[in-house]
Amino acid sequence: MEKQYYVYILASKRNGTLYTGMTSDLVKRAWQHKNSMVDGFTKKYHIKMLVYFEVYQQAEEAIKREKQIKKWKRSWKLKLIEEKNPN
């Protein structure tokens, strides 16, 4: 099985603070964020809820997409989340 890469968005709560990241192990990384094991922005602002993710076969593609989403306006990120994860 080929390695997969994930671009993900976390939220502090519904319509709360957002964080976009990239990883090759989504389950592990989400667990680390949820348990405040990642120092920095997500720990400081209690951003623990996985609300969206995309899967990529190449790390370069995932990095490119992560950078693209990070440049987006907040409203665009919220629209993406609501379209794919309305609950």
Checklist line | Single unsatisfied condition, Arg74 versus (1) surrounded by 12 or more Cβ atoms within 10 Å (Cβ to Cβ); (2) in contact (Cβ under 8 Å) with a residue 40 or more places away in the chain; (3) of a type in the set (Lys, Arg) | finding: (1)
Note to self: Just to be sure I understand, how many residues within the stretch 44-87 are outside any helix (DSSP H, G or I), of a type in the set (D, E, K, R) and out of contact with any Leu (no Cβ under 8 Å at 6 or more places or on another chain)?
What the structure shows: 2
Margin query: Tell me the residue from Tyr6, Tyr45 that is among the aromatic types (Phe, Trp, Tyr) and in contact with a helix residue (DSSP H, G or I) (Cβ under 6 Å, 6 or more places away or on another chain), please.
Written below: Tyr6
Next item on the list: Being buried (at least 18 other Cβ atoms within 10 Å of the Cβ) and not acidic (Asp, Glu) narrows it down to one of Ile63, Ile47, so name that one.
Entry: Ile47
Checklist line | Per-region count, the stretch 17-29, residues more than 18 Å from Trp72 (Cα to Cα), in contact with a Lys or Arg (Cβ under 7 Å, 6 or more places away or on another chain) and either without any contact (Cβ under 8 Å) to a residue 12 or more places away in the chain or not in a loop (DSSP other than H, G, I, E, B) (or both) | finding: 1
Check: So is Tyr5 touching a residue at least 40 places away in the same chain (Cβ under 8 Å) and hydroxyl-bearing (Ser, Thr, Tyr) or not?
Finding: yes
Checklist line | For Arg14: the one exception among (1) in contact with a Ser or Thr (Cβ under 8 Å, 6 or more places away or on another chain); (2) part of a loop (DSSP other than H, G, I, E, B); (3) not aliphatic (A, V, I, L, M) | finding: (1)
Next item on the list: Within the stretch 36-69, count every residue that is touching a residue at least 40 places away in the same chain (Cβ under 8 Å) and of a type outside the set (Gly, Ala, Ser).
Entry: 14
Note to self: So in the stretch 3-39, with the set limited to residues that are loosely packed, with under 13 Cβ neighbours inside 10 Å and aliphatic (A, V, I, L, M), which one is modelled with the highest pLDDT?
What the structure shows: Val27
Next item on the list: Could you check how many residues of the stretch 22-43 are touching a Leu at 6+ places or on another chain (Cβ under 7 Å) and not hydrophobic (A, V, I, L, M, F, W, C)?
Entry: 2
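The values are calculated or read from the model by the stated rules, or taken from the named source; none is laboratory data. Note that this is a predicted model, so its numbers are computed, not measured. Ideal geometry is used to build each Cβ from the backbone, glycine not excepted, and the neighbour counts take in all protein chains shown.
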